Amino acid sequence: MTYDVAIIGAGVIGSALFRELGKYRLSRVLIEKENDVALGSSRANSAIVHAGYDPPTGSLMARFNVAGNRMYPQLCAELSVPFRLNGSLIVALTDAELPQLRALYENGTKNGVEGLEIIGAEAVHALEPNLKESIRGALVAPTGGIVGSYEFTTALAENGVVNGGDVRLSSEVVKIEKFNDEGGLADDLTKRGGFFRVTFKNGESIDARYVVNAAGVYSDAVQQLIGKKRFSVTPRKGEYYILDKRQGGLVDRTIFMCPSKLGKGVLISPTVHGNLLVGPNAQDGDDKEDVSTTRKGLDFVRDMSKLLSDYVDFSDSVRNFAGLRALPSGKDFIIEMDPDVDAFLNLAGIKSPGLTSAPAIAQYAVELLANAGLDFQENPDFNPNRTEIRFADLSNEEKAALAKKDPRYGRVICRCEQITEAEIVESIRRPLGARTLDGVKRRCRPGSGRCQGGFCGPRVLDILARELGVSREEIDKDKTGSYILVGKTKE
């Protein structure tokens, strides 16, 4: 079989396009080197749906940020993904930063961001009383939001499967070749026609007429498997704190500092799950697998957060994590049909606001592929919807009715997050279901609370083994090889 489209990279960009292509009569495959989707930047970020006041006017970042932001309410409703339009405040810490607020307001207005407003110190503290009294003013961006980033990515990919797409996990791409219509290696990569052969590390391969490079921090390496070097991607690490839900009401909006050359700075934000998020720092490196946290980095985050509020209680921290952003060698997203390779599309260097921009980038990628010769015919059977039950969000009456219908809803496995056995089983049985302990955690949150799986982890492990029909020793915690159990001790 030769696919119409092969997408390399199952982060939010690749998964958004995978779903978007399901609207058409096309065969497609989503390829990921890890054992699950959303295991790169899409699982470790600020989970912010940015308003779009910051990217330079006329840039791809500005265009797709604003367009993507407008798509989120409907898209998250269709996919049953947690989303809240909580708004953002960009604060001036000193009088010297007040002109920067005006510049952001003017830039955002040119970008098409609606509802922007500059307010003074008194209004800031009326909106957010737990911020520093010394804050001098703020830009209000009411269209800013927060989302469950890995739930969003997983839902996109799952909906793509429901609509006829294939997914290849644990399939690291090591070679891309272009063949002509006669089946020989193409001597002119710019010539239209023919097909690609994408070969994986295990020796298997697939063929596709079009290839999309959405490989995140590895997108430069993937592009160079077939074309001349056009760009490079530097991993920029950001470290975070997640605080207990006791801290979740400290602020209602996402609180940003005025941005610098390294990004949007340390923020304080509620999460869609009721926690408080603080971070990140920004550190460029060359290790595209380094998601370690450091004492120095976390101390920086704590110190900077004190410029925003005196009330963040870091003794309530339940988790630290780090994520990598794909920093391109240029100043903008790299979204282009490769000029040296026909039918090869680069969606690369998608740093912040990449999560916000993803659905709009996916729509634009369809335009680019159509212009490159791919025939698009609408799929009348496309199903945009996905449903998921979140037991903790239901009324007592709804909970009782569910538990009566299915007793597994009456068995709470994760006490911190009130996640039931039925929800865990559903996360495993869904299309593109969980196969690891953290895969279940990313889909329905057992292990995300105060004890971080200390209570529920062994129970989730047992459920996974039972549902998958394997031994507990065969279950990974996260990526392949991250075993939990290695065997039984001798009695």
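Laboratory data are not the source of any read-out in this text; all were calculated from the coordinates shown. Quick caveat: nothing in here was measured; it's all calculated off a predicted structure. Because the Cβ atoms are built from the backbone with ideal geometry, glycine has one as well, and the counts that use them run over all protein chains shown.
General observations
- DSSP bridge pairs, the chain: antiparallel proportion in percent, nearest 5: 75 percent
- Dipole size of the chain about its Cα centre, with +1 on Lys/Arg Cβ and -1 on Asp/Glu Cβ: approximately 840 debye, rounded to the nearest 20.
- Whole-percent P(r), region 257-384, all Cα pairs, 10 Å bins from 0: 9, 30, 28, 18, 12, 3.
- D_trans [Stokes-Einstein, Kirkwood Rh over alpha-carbon pairs] for the chain, 4 °C, 1.567 mPa s, µm² s⁻¹: 55 µm²/s
- 25 °C / 0.890 mPa s Stokes-Einstein diffusion coefficient of region 387-462, Kirkwood radius on C-alpha pairs, µm²/s: 199 µm²/s
- Using a simple spin-label model with pseudo-atoms 7 Å out from Cα toward Cβ, K228 and S134 lie 5.3 nm apart.
- Legend: distances between Cα atoms for K237/K351; K33/K175; K264/K331; K23/K178; K201/K479; pairs beyond 18 Å are K23/K178.
- For region 318-473, the equivalent ellipsoid derived from the Cα gyration tensor has semi-axes of 39, 21, 16 Å, listed largest first.
- Loop-resident sites, region 131-238, for GluC sites (Glu not before Pro), counting at most 15 other Cβ within 10 Å (DSSP): E133, E172, E182, E204
- Positive-end ranking of G323, Q283, T294 along the dipole of region 238-348, with charges on Cβ about the Cα centre, is headed by T294.
- Gap separating the Cα centres of region 417-485 and region 239-312, nearest whole Å: 27 Å
- Taking max minus min of the alpha-carbon positions on each principal axis, region 428-491 gives extents of 36, 29, 19 Å, largest first.
- With the convex hull of the Cα atoms taken as the outline of region 114-261, the averaged projected area works out to 14.8 nm².
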